[in-house]
Structures are given as C-alpha cells and as structure tokens.
Amino acid sequence: MATPDQLSLNQSLSRDRSWPSLIRSAADVLSFGNLVNAATCLHRLACLSDEGSADDQERATLIELTDYAADCIERAPHRAQPRNLSNLLWACARLQLPSANLARAVARGAEDRVQYFKPQELSNILWALAKLQESAHVELLEELSVAATLALGDFSPQGLANTTWAFGTLHAAAPESLDKHSFSSAVHNRCNEMKPQELSNAIWGLGKLAAPAPQELLEETARLVDASPKSFSAQNLANIFWGVVKLSETATSSSSSSSAPPVNPYSILQTHITHRCGKFNPHELSMSLWGAASAGLPDPKLHAALAQAAASLVPEFGAQHLSNVAWACARLGIKHSGLMGAVASRAVEEEPQLGVIDVSNLLWGFARLDGGGEADLLECLSRCCLRIFAEDKEFLKTNPGASSLILPQHLANILWAVAKLGLKDKELAKGLRKIIVKRAAELGPRDVANITWAHATMISAQADRPRADLMEVLATQAKTMMGDFNAQELLKFMSAFARAGGADAELDKMLSERRNLTYSFPNTPAAQINLACKAPGRSQKMDGEGLDATDDLDGLKGTGVAAWEATYVLSEWMSRLSGPGASPAVTQALNDKNLAYKLKHWGNLKAVELGAGLGLPSLVANRLGCASTATDGDPKVLELLEVNAEENRAPGGGRARVESLLWGTAGALKTCGLSAPPDVLLAADVVYGSSKTVWGKLLATMLELSGPDTVVLQANMQRYHSTEVKEGGGEARFLEMLKEHFDVVQVPAGDLHPDYRKSNCLIWAMRRKEGGAPVLVEAPVDKREKKEKKEKRKKEKEVVVVEPVVEAPAMAKKEKKEKKRKKEKEAVEVEPVVEAPAKAKKEKKEKKHKKEKEVVVVEPVVEAPAKAKKEKKRKKEKETEPIVVVAPVEETKEERKKRRKEEKRAKRELETTPPAEKPAKKAKKAKRDNELECEI
C-alpha cells in the first residue's frame with residue numbers, strides 16, 4: 001500500500017508542469033517514493049522533453065531514477081501495473097536514457113500478463129522497444145504481437161500507426177506469428193482517419209514488414225497525399241514513397257468493390273517528389289532515389305530533380321546514402337555530370353565506415369555507369385574489400401558455426417565490377433578467388449554466371465590467367481543446379497565458360513541433352529505442366545555483359561528452345577485469373593464493360609501466341625479452357641513445341657494447336673486456322689535488342705491478328721535502362737511503337753508472383769485503337785523464290801558501260817562536207833556560202849542583199865502520190881542532217897527598214913493570192929529557196 005507521503009507526492013508530480021521543478025522532485029522520489037512515483041515523474045519529464053534538454057547533472061539524476069524504477073519492478077514484478085510498465089519504458093525511450101536494466105525489468109514484469117494491457121499501453125511499450133532497439137526480448141515480443149493482433153480493432157489511429165511502425169522497425173526480430181495481413185487490412189480500413197505523420201509511419205512500417213497490402217491501400221494513400229500535399233512534410237512524403245514501392249512488391253488485388261476509379265500511385269507520388277525533393281535531407285533523398293530505382297520509374301524529370309538535389313547534399317552523405325545513390329543512379333541510368341564525381345570523392349572520405357554492402361553497391365554502380373575513371377575511389381574500394389575480408393575471417397574464427405557476413409551475391413557483384421572496370425589488383429583478385437572457391441556450394445545460378453563472365457573477361461584483358469581450381473568449382477556448381485538456371489543466366493554462363501577456356505565433358509553432355517522442366521499452377525486443371533527444353537544457342541555477337549550487351553536479335557540462334565523468365569511470369573499471372581477480363585488492368589485497357597464481361601472467363605475463348613518457344617502461355621491457356629494456337633518460325637523450336645503440346649493436353653483431351661508463322665508475312669489468320677481475329681493474343685519475351693526490322697514485322701503481325709475486340713497480353717523483361725544510350729535499344733522503344741496503334745496499360749507489379757515483382761519483368765494489356773495507322777505486311781514467299789529474286793535484282797544492278805565511239809576530227813569533217821554537197825545538188829542549185837578573203841566576203845554581202853530584195857511568192861502545189869512520198873522521205877533525211885549556222889550579214893539602217901517594208905507587202909499579197917497550179921519544177925525550186933532562207 002502507498003503511504004500518505006507517496007500519495008501526496010504523486011498528486012504533486014501529476015500537476016507539475018515545470019522541468020526544473022520535476023527534476024527537484026526526483027530527489028524526493030529517490031528518497032521515499034515508490035514505483036508509481038518514479039513512473040509518474042519520468043513520464044512527466046518525457047512529456048516536457050521538447051521544452052528543454054538535460055544537462056550532465058540532470059541526466060545523472062534521470063539515469064538514477066530509471067535504475068530505481070527497475071529495482072522496484074525486480075523486487076515485485078507481478079505487482080507492477082501495465083500502465084506503469086509502459087509509461088516507464090516510453091519515457092526512457094523519449095529521454096534517450098540507457099535502457100538495458102529497465103527493459104529487462106519491464107519484460108519480467110509483463111511476463112504472462114500482456115493480455116491485460118490496454119491498446120494504448122501495448123502501443124507505447126512496443127514503440128519504446130523499437131525506439132530503444134531492444135529486440136532481444138523474444139518472448140515478450142511474441143506475447144505483444146499476439147495481444148496487438150487481437151486488439152487491432154480497438155487501437156486509435158495513432159496507436160495503430162505507432163504499433164505498425166514499431167513492428168516494422170523490429171522487423172528482423174518480429175515473431176513469425178505476427179499476422180501481417182491483418183495489420184495491412186487494419187491500416188487500409190483506418191487510413192482516412194490518420195494524420196499525415198501517422199499515415200507515413202503506418203505505410204513505412206508495413207513496407208518494412210513486407211506485408212501483403214491490398215492495391216487499394218496504395219491507391220488510397222496516393223489520393224490522400226494528392227488531396228493535401230502541403231500537410232505532408234518532406235519526411236512524410238519520402239517515407240510514404242518508399243513504403244509504397246516496397247508494398248508494391250507484395251501488393252494484392254482486393255476483391256472488394258471501390259467507388260473510386262483506379263489510379264497509379266507512382267504517377268501521383270513521383271509528381272510531388274519531383275517538385276519537393278529540393279528540400280529533402282540526405283536520408284530522404286537516398287530513400288527516394290532507391291524507391292525510384294526499385295520501381296523502375298522512367299520519368300526523366302524525376303531523375304533530373306533527384307540527381308540535382310543529391311549533388312548539392314553529397315558532402316553530408318554517410319556510407320549508406322552513398323551506396324544507395326550509386327546503386328540507384330546505375331539502375332536508372334542517371335549520368336549526372338557532377339553527382340557521381342562528388343559521390344566518389346565523398347566515398348574516399350568515408351572509407352572507414354564503408355561496409356560490404358556499401359562497397360558492393362558502389363563498385364557495381366560505377367561499373368554499370370562506366371565510371372571507371374575515378375582512380376582514388378577504386379583504390380579506396382580495393383582497400384575496403386581487403387579489410388572486410390580480413391574482418392570476416394577473424395569473425396568466423398572467433399565465432400565457430402556462425403555464418404559469414406559476406407553474402408555470395410556480394411562476392412559475385414564485386415568480382416563482376418572489378419572485371420568490368422578493368423581493375424588490375426592481383427591481391428584483391430586472389431582474395432576474391434580464394435573465398436569463392438571455398439564457398440562455391442553457396443553460389444546461386446546468377447552468381448555462377450556473373451563470376452564466370454568476370455573471370456573470362458579478366459583473362460581476355462590479361463588481368464588474370466586461367467584458374468583451373470575456379471573453373472572446376474564453377475562447372476561443378478553449374479551441373480548441380482542445372483535445372484535452376486533461367487535461359488538468360490545459362491546462356492551467359494555457357495558463353496563465358498567457353499571464353500575462359502573451360503572444358504567439362506559431363507557439362508557439355510548435359511547442355512546438349514533434352515531436359516524436362518516442371519511448372520506448378522495450382523489454379524489450373526491438372527496443376528503441373530511438363531516442358532521439354534534444351535540449352536539456348538549462343539550469340540554470334542556476345543560481348544561485354546553477355547545478353548545485356550547483345551545489339552541485334554538476329555545474333556541469337558536457338559533461343560526458343562529454352563524457358564525464358566517472362567513466359568512463366570505471364571503464365572502464372574494468367575493461371576490466377578478466371579479470365580483476362582477479371583484483371584483490372586485488362587478492364588482499363590479494354591475500356592468497355594461489355595467486352596470485359598465477355599472475357600471474364602477463359603472458356604470458349606480463342607488465343608494465339610506469337611514467338612511461342614516452348615509454348616508455356618499457350619499450354620496454360622489450353623488448360624484453362626481456351627482454344628489456343630502456339631506459333632513460331634524456328635523449325636527446331638516447332639519440334640519441341642509439338643512434343644510439349646502433345647504431353648500437356650487439357651483434361652478433356654484437347655491440345656494446343658502448333659503452327660509455323662514468320663512475322664511480317666501476310667495470311668497470319670489463315671495460318672492459325674482462323675476466319676476472324678482471336679479473343680486473346682499472347683506474347684512473352686519476343687522483344688529483344690534493337691532490330692527495328694524485326695520489330696516492324698512483329699508489329700505488323702500483331703496488328704493483323706488484332707481485331708477491335710482482341711486483348712493483347714505481352715510480357716517482357718526490361719533489359720535496358722530507361723535512358724539507354726544505345727541508338728534504338730531497349731524495350732521501351734518498341735512500347736512507343738505499340739502505343740501508336742494500341743491503348744496500353746501496365747499490369748501492377750503487385751499482381752505478379754511475389755518472386756518476380758522485382759525481376760524487371762512487365763506485363764502489358766493492350767487493345768487496338770480505332771483508325772490506327774496501317775502497317776503493311778509482306779506476302780509469304782518461298783525460300784527458293786526469294787533467293788532467285790535476290791539474284792535477279794543483283795544482276796539488274798550490274799550495268800555494262802560501253803565506251804562511246806569517237807571519230808577522228810578530219811574524217812568526220814570530210815564526210816559531213818561530202819554529204820552536204822550531195823544533198824545540195826539533188827535540190828535546187830544554190831551557191832554554198834564559203835568564207836573567203838575580203839573580196840569574196842564583199843561579193844557575198846552584195847549577193848545576199850540582192851536575194852533579200854527578191855520576194856518569191858510560192859503557190860501551193862498538189863503533188864502526185866509517188867512524188868509526195870519521195871519528197872516526204874527526202875524531207876526526213878534533211879531533218880537528220882547537221883545544220884550549218886552562218887553568221888548574219890550586217891546591213892544599214894535604211895536597208896533594214898526597206899527590207900521589212902517589202903516583207904510585209906509580200907506577206908499581204910501571199911494571203912490574198914488564190915491557189916493555182918504551177919509546174920512541179922518551179923514549185924520545187926521555190927520550196928528549196930524558202931528552206932535555204934530558213935537555214936540562213
């Protein structure tokens with residue numbers, strides 16, 4: 001029982017609002033107070049902590065008071081009231097006091113009594129444990145998680161937000177029994193009641209827990225931010241953005257109907273981030289860049305704003321901030337002129353604080369951005385690697401049975417970056433190789449592919465020599481997990497292994513044999529699908545980064561015989577739908593409720609798959625009730641496709657149809673056995689490299705097979721940066737081509753399988769636009785006929801050049817004169833005009849003047865048919881003769897005037913003279929005279 005002095009002291013403490021007064025009262029508590037007095041005093045001081053901070057003497061008093069409270073609990077743990085326990089721990093966290101003794105005492109006092117805690121008390125004690133990072137009390141956390149889950153409906157909005165934040169902060173120690181789904185549902189139901197800070201804490205906490213939140217929660221959160229952006233601080237906005245990105249990886253589509261139209265949370269949040277990131281602190285900028293990179297947001301304005309803001313704050317960055325920024329810029333392809341240089345300089349300054357994750361991200365980021373010119377940074381990171389290796393070795397030595405602090409992925413990334421940057425550090429390479437050989441059994445398929453590629457590249461660059469021990473363990477691990485490689489990883493490993501001089505007969509045999517893959521789709525009849533497959537063909541243009549650096553799809557041969565990641569992502573997503581129209585993304589793309597209702601179920605629909613490869617999407621569609629047709633243009637692929645279609649018949653016995661179809665050729669509908677476009681057009685990983693010719697043919701075939709009621713479902717890996725510098729490279733460019741003809745909607749990442757939400761695989765739902773631009777397709781051509789046409793065109797281009805015949809000048813002149821003389825004799829005898837000495841010239845002038853004065857009136861003559869025919873022939877010959885042009889004779893002004901007058905008079909007489917017959921000889925002479933005048 002409390003004494004009267006203790007009761008009076010407690011009343012005084014409850015009314016006190018002064019920090020100095022409460023500090024003085026702490027001495028009375030230590031003198032004669034009890035646990036209640038200590039809890040009240042500390043709680044009141046914690047409430048006033050914003051108004052003043054404790055000096056050294058006051059802090060010593062507070063620590064003494066905390067230890068006194070812990071002793072009181074230890075003496076009678078079951079007599080401590082839940083309220084006092086939660087207030088004591090909350091105050092300790094608020095005042096930032098040493099908590100080990102008090103936390104241990106509170107855990108003992110709350111043992112087996114957590115069910116009696118009220119929601120507010122549960123919220124306070126959880127918030128305090130998270131703030132103090134007291135995660136060692138596993139049993140207490142287990143009891144608190146059960147009690148908090150049961151009390152979810154009774155929490156205030158603030159209490160719910162704080163509890164969610166606390167479990168998110170303690171996520172590593174959060175008990176497995178924690179019902180994350182219930183927490184996300186509770187936040188979804190109460191988010192409209194929360195203040196900006198509370199909503200921020202709740203979303204961030206759910207993101208840390210990777211809770212399966214409904215997509216509607218993300219959309220509603222974005223709407224709340226958009227409705228009142230100024231009420232959200234920079235910290236709130238950054239936390240919400242980060243949380244939404246994390247939750248998108250695990251988001252689920254809710255079956256509950258909402259009156260609000262669907263929105264894209266990223267689109268709303270990135271707009272506000274772009275406008276306000278200039279006021280972010282280093283941590284908020286780091287989180288925002290990480291979120292943009294993880295979500296793969298392609299907005300150039302967002303990239304530029306974040307990079308500009310980060311560049312101005314680099315001097316304030318810590319190791320984690322530098323690591324996140326380098327990784328995010330590399331992932332997004334941001335090449336800011338000053339940012340990465342500043343990051344490199346700052347990283348050198350932060351060398352002692354750089355951990356293995358920081359070093360891995362920095363090396364990977366600079367290698368990805370081809371930023372290998374920072375010599376100081378590379379030397380710094382090399383030293384960090386050697387330091388980390390030594391620390392890890394010492395840790396394992398002093399902690400037998402403990403796991404290494406360096407993950408296999410870190411080893412693979414560091415070695416990959418060292419090779420990509422051309423870093424010639426023998427000591428580092430030796431250290432990495434030694435650890436990899438020792439821990440080869442821990443490597444995954446991607447790690448094996450990257451390490452093999454790095455070793456082959458270092459050999460080519462003469463930075464290392466072939467290492468038999470390394471190649472042996474890599475081959476052994478590859479054989480062990482052959483069934484776990486995806487097509488891209490296997491193709492990269494095969495190419496690098498060959499370049500590194502690897503030789504393994506057993507591995508070669510495994511790669512050449514037909515293998516079987518088994519996929520499980522619980523929502524389909526006969527849930528398993530077995531696929532026959534082979535190792536993919538190698539690239540003829542394989543360079544730098546294997547698949548990621550291939551420029552042209554034509555360089556890849558035999559890729560269709562392997563199972564690519566996008567085929568499974570599309571198939572698995574389809575298997576969970578009752579029909580394509582059941583997907584909100586498809587409904588949005590169709591923009592037609594009646595059509596969406598028609599596509600609500602797979603049964604009785606017709607589907608065609610382009611570039612089917614092994615045909616997994618077609619087989620799943622067939623199992624779901626579709627009449628599906630799988631098409632491909634590779635004969636070897638079609639062989640496997642036939643086997644898979646036969647082996648995976650639908651429960652009723654029906655099988656998918658298999659047809660050979662080359663993109664860009666006319667008659668695709670007829671080839672598929674259809675008279676009208678199908679209901680569903682499928683395609684998975686059919687876009688690769690930068691071949692616009694192939695893209696054009698693919699687009700033409702897609703348009704030919706797409707009717708106004710056809711929904712197109714296309715899945716593709718995003719292998720290029722959103723700002724890829726390669727001309728024409730990247731799947732985004734093909735998407736731009738599609739958008740000219742289709743309405744395109746991206747399926748949210750939260751709708752995909754959880755394992756593939758961060759795999760850079762996207763699914764697009766599309767419907768053809770009305771009145772889209774036409775795309776021409778070629779008529780199908782036989783290969784032999786095509787070859788003949790090609791040779792014919794080649795021959796037509798070969799032009800035979802014939803040299804012109806050039807006559808000798810003298811001969812040509814002589815023949816011309818003789819021909820002219822002969823013609824003149826046959827016609828009227830007219831003296832030829834020949835240039836002579838001065839006397840001859842004078843006579844020529846006089847004769848000319850005389851002829852001009854004589855006006856001959858020629859009357860029309862009716863010639864006999866024979867003579868007319870002869871004259872016509874002579875006239876034709878005359879026209880072909882060269883015309884001799886003679887310079888005109890000069891005349892005086894009076895002579896010219898007189899001549900013109902005579903010409904006019906003669907013309908009038910000619911017009912008025914009636915036609916009359918004249919002798920043929922006279923008419924012939926007059927005609928020749930006129931022709932001669934024309935010549936002159």
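The values are calculated or read from the model by the stated rules, or taken from the named source; none is laboratory data. None of these values were measured; they are calculated from a predicted model. As a convention, Cβ positions derive from the backbone with ideal geometry for all residues, glycine included, and neighbour counts pool all protein chains shown. Ligands, DNA and RNA are stripped out before the accessible areas are found, and what is left, the full protein with its side chains, is counted by its heavy atoms. Shrake-Rupley method; radii C 1.70, N 1.55, O 1.52, S 1.80 Å.
List of remarks:
- Amide H contacts of Ser628 (H built 1.01 Å from N, in plane; Pro and chain starts excluded): Ala607, Arg657 sit under 5 Å, all sequence-distant by 5 or more or on other chains.
- Taking the square roots of five times each eigenvalue of the Cα gyration tensor of segment 1-154, the equivalent ellipsoid has semi-axes of 25, 17, 14 Å, listed largest first.
- Shown here is the pair-distance distribution of segment 385-485: with all Cα-Cα distances grouped in 5 Å bins from zero up to the longest one, the shares run 2, 13, 24, 24, 19, 12, 5, 1 percent.
- When its C-alpha radius of gyration is set against 2.2 N^0.38 Å (N residues), segment 113-200 gives a value of 0.98.
- The fraction of Cα-Cα pairs per 10 angstrom bin, counted from 0 for segment 334-458, comes to 12, 46, 32, 9, 1 percent, rounded to whole percents.
- Positive minus negative residues near Glu198 (Lys, Arg vs Asp, Glu; Cβ under 15 Å): 0
- P(r) tail, segment 236-360: Cα-Cα pairs separated by more than 23 Å, 32% of all pairs.
- Globularity index of segment 33-120, i.e. its alpha-carbon radius of gyration over 2.2 N^0.38 Å: 1.04
- For the residue pairs Lys208/Lys438; Lys593/Lys697; Lys195/Lys230; Lys606/Lys692, alpha carbon separations beyond 24 Å are given by Lys208/Lys438; Lys593/Lys697; Lys606/Lys692.
- Cβ crowding within 10 Å averaged over residues, with 356-363, 485-492 ranked highest first: 356-363, 485-492
- Rolling a 1.4 angstrom probe over segment 403-505 with all protein chains present gives an accessible area of which 51% lies on carbon and sulfur atoms.
- Potential lengthening between Val146 and Lys509 on full extension [0.36 nm per residue; Cα-Cα distance subtracted]: 125.2 nm
- Net +/- balance of residues flanking Phe155 in space, Cβ distance below 12 Å, scoring K and R +1, D and E -1: -2
- Segment 292-389 - percent of accessible surface contributed by carbon and sulfur, probe 1.4 Å: 52 percent
- Residue by residue, segment 22-36 carries 3J(HN,Hα) couplings of 5, 5, 5, 5, 4, 5, 5, 4, 5, 7, 9, x, 10, 5, 5 Hz when phi is fed to the Karplus relation 6.51 cos²θ - 1.76 cosθ + 1.60 (θ = phi - 60°); x denotes Gly or Pro.
- The amide H of Gly613, built 1.01 Å from its N in the peptide plane, has no neighbour under 5 Å, considering only residues 5 or more places off or on other chains.
- Derived scalar couplings ³J(HN,Hα) [segment 131-144; Karplus, 6.51 cos²θ - 1.76 cosθ + 1.60; whole Hz; x for Gly, Pro]: 5, 8, 6, 8, 9, 7, 8, 5, 5, 4, 4, 4, 5, 5
- Electrostatic bookkeeping for Asp632 treats Lys and Arg as +1 and Asp and Glu as -1; over the other residues with beta carbon under 13 Å from its beta carbon, the sum is -4.
- Every pair of different Cα atoms in segment 351-414 enters the Kirkwood calculation, which places the hydrodynamic radius at 12.5 Å.
- The three principal axes of the C-alpha atoms in segment 604-709 carry coordinate ranges of 41, 32, 20 Å, sorted with the longest axis first.
- Shape of segment 133-172, Cα gyration tensor, a/c cut at 1.5: oblate
- Per-residue 3J(HN,Hα) values for segment 333-350, derived from phi via the Karplus relation 6.51 cos²θ - 1.76 cosθ + 1.60 with θ = phi - 60°, read x, 7, 10, 6, 4, x, 5, 5, x, 5, 4, 4, 5, 5, 5, 5, 5, 8 Hz in sequence order (x marks Gly and Pro).
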